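Asker: Encoded as structure tokens, here's the structure I'll be asking about.
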Amino acid sequence: MDKGFAGIFGVPLTLPFSGFVLPFSGFVCLFPGAIHNSAKRRNTAELCYSAEIDERQNHPEDGRMTSKTALQHRTAGYDAADVERPAGERWVTMSNALTRAGHGLTLAEKRVVMMAVSKLDSAKVMRPGEVLPSVKITAAEYAETYGVDPNTAYEALQDAAKNLFERKLTFFEPAHKRNGKPLKPIRNDMRWVGRCQYHEGEGWVQLAWWPDLIPSLVGLRKQFTTYQLQQASALRSAYSWRLLELLTRFKSSGVAEYTVEDFAASMDATEKQRADFAALRRKMIEPAVKELTEKDGWLIQWEPIKAGRKVKAVRFTFMRNPQGSLPL
């Protein structure tokens, strides 16, 4: 029998579609620990896991998703404009280009921005001249979604209002060749928001998106990444959240490989960290893998890919734990 992920009683587990078996040895965590709202999260894990099976049949090579499979939550009655839906149960959807970009956000800012993204209808096609409405985030829903006290939520929204306008995301696009030689990728810097207002004494913030960012958030039909906000609500590290997004982009195949340069850029690594893979591993990879296995029910194996003695890429082999997270 082929060995896959180890089950609770040592019984090998394989993914439910043929031809995809992951080796057991070397997994960081076999029994993910308890997470807050574990029963609700188990349902989320099962939903995302079941979607992976169909998606793999569409674009196994790069994790792309078609509107039919990736928007199953919409056809099942999901409505981004449903004000009664708990914030944590909303879906975060963005283009793959935005997923790969360096987001340049602290954890508190990431929480505010992704909550705002979850309130958008990613399938909405914008008409010429149409303006995407601003998004309102309250301290009460922030506190409920992320399991923090009201004072922490108020402080997070205040800080976001002060700093978000100055935050930028960074992505690179391929450049044309010159004299037959490839040019370095073109760096693009962009703001997240064009306006950010905090209503002091009322406990809510209003965000207006940066115009050039909008095509990466709405009107998406292919080449996008989607996950439920509550998957990240227990995370206490922005690095863990970014790794969740980078892996989810390839959840249809269960294998994600990034060059060290691309991975470091996506994780907002400093220049010093980019030059030292040991620092990337110690500061970002290992803690992020540990937190995702413990709090969101992932099974992850990763390995450095070397060219000679130098690490050139990092490869992640992963799946959502089909048995859900186990209580402590």
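The values are calculated or read from the model by the stated rules, or taken from the named source; none is laboratory data. All of these numbers come straight from a predicted model, not from anything done at the bench. So basically every Cβ, Gly included, is an ideal-geometry build from the backbone, and we count neighbours across all protein chains shown. Ligands, DNA and RNA are stripped out before the accessible areas are found, and what is left, the full protein with its side chains, is counted by its heavy atoms. Shrake-Rupley method; radii C 1.70, N 1.55, O 1.52, S 1.80 Å.
Asker: Specify the residue that is least open to solvent (accessible area, probe 1.4 Å); the eligible residues are those in the range 160-188 that are within 18 Å of LEU105 (Cβ to Cβ) and either small (Gly, Ala, Ser) or part of a loop (DSSP other than H, G, I, E, B) (or both).
Answerer: Of everything passing the filter in the range 160-188, ALA160 is least open to solvent (accessible area, probe 1.4 Å).
Asker: Here's another thing I want to ask about it. Go through the range 194-218 and report how many residues are without any contact (Cβ under 8 Å) to a residue 24 or more places away in the chain, under 22 Å from the mean Cα position of the chain (by Cα) and part of a loop (DSSP other than H, G, I, E, B).
Answerer: Residues flagged as without any contact (Cβ under 8 Å) to a residue 24 or more places away in the chain, under 22 Å from the mean Cα position of the chain (by Cα) and part of a loop (DSSP other than H, G, I, E, B) within the range 194-218 amount to 1.
Asker: Please find, among GLU271, GLU303, the residue that is at pLDDT below 95 and of a type outside the set (A, V, I, L, M).
Answerer: Going through GLU271, GLU303 in turn, just one is at pLDDT below 95 and of a type outside the set (A, V, I, L, M): GLU271.
Asker: Same structure again: Go through (1) assigned to a helix (DSSP H, G or I); (2) out of contact with any strand residue (DSSP E or B) (no Cβ under 9 Å at 6 or more places or on another chain) and name the single condition VAL112 misses.
Answerer: Every listed condition holds for VAL112 apart from (2).
Asker: Looking at the range 133-151, is at least one residue basic (Lys, Arg), over 15 Å from TYR198 (Cα atoms) and not in a helix (DSSP H, G or I)?
Answerer: no
Asker: For VAL148, work out the one condition from (1) in contact with a Gly (Cβ under 9 Å, 6 or more places away or on another chain); (2) more than 27 Å from SER95 (Cα to Cα); (3) of a type in the set (A, V, I, L, M) it doesn't fulfil.
Answerer: So VAL148 meets the others, but not (1).
Asker: If a residue must be surrounded by fewer than 19 Cβ atoms within 10 Å (Cβ to Cβ), more than 18 Å from ALA208 (Cβ to Cβ) and out of contact with any Phe, Trp or Tyr (no Cβ under 8 Å at 6 or more places or on another chain), how many such residues does the range 105-126 contain?
Answerer: Qualifying residue count, the range 105-126: 3.
Asker: In the range 219-233, what residues are of a type in the set (A, V, I, L, M, F, W, C) and open to solvent by 10 Å² or more (accessible area, probe 1.4 Å)?
Answerer: LEU220
Asker: Counting only residues that are touching a helix residue (DSSP H, G or I) at 6+ places or on another chain (Cβ under 9 Å) and open to solvent by 20 Å² or more (accessible area, probe 1.4 Å), which one in the range 135-150 is nearest to LEU107 (Cα to Cα)?
Answerer: It comes out as VAL148.
Asker: Now, a different point. I'm trying to understand the selection: among the residues of the range 243-266, which are open to solvent by 10 Å² or more (accessible area, probe 1.4 Å) and either in contact with a Pro (Cβ under 8 Å, 6 or more places away or on another chain) or under 21 Å from MET319 (Cβ atoms) (or both)?
Answerer: Within the range 243-266, ARG249, PHE250, LYS251, SER253, VAL255, GLU257, TYR258 meet the criteria.
Asker: Next up: Name, by its number, the condition in (1) more than 17 Å from the chain's Cα centre (by Cα); (2) open to solvent by 80 Å² or more (accessible area, probe 1.4 Å) that does not hold for ARG191.
Answerer: Of the numbered conditions (1) more than 17 Å from the chain's Cα centre (by Cα); (2) open to solvent by 80 Å² or more (accessible area, probe 1.4 Å), the odd one out for ARG191 is (2).
Asker: Of everything in the range 266-320, what is outside any loop (DSSP other than H, G, I, E, B), more than 18 Å from the chain's Cα centre (by Cα) and aliphatic (A, V, I, L, M)? Give them in sequence order.
Answerer: Within the range 266-320, ALA278, ALA279, LEU280, ILE305, ALA307, VAL311, ALA313 meet the criteria.
Asker: Right, something else. Would you confirm whether any residue within the range 270-282 is in contact (Cβ under 8 Å) with a residue 60 or more places away in the chain, out of contact with any strand residue (DSSP E or B) (no Cβ under 7 Å at 6 or more places or on another chain) and either under 22 Å from LEU157 (Cβ atoms) or polar (S, T, N, Q) (or both)?
Answerer: no
Asker: With the checklist (1) out of contact with any Leu (no Cβ under 9 Å at 6 or more places or on another chain); (2) assigned to a helix (DSSP H, G or I) in hand, flag the one item SER252 doesn't pass.
Answerer: (2)
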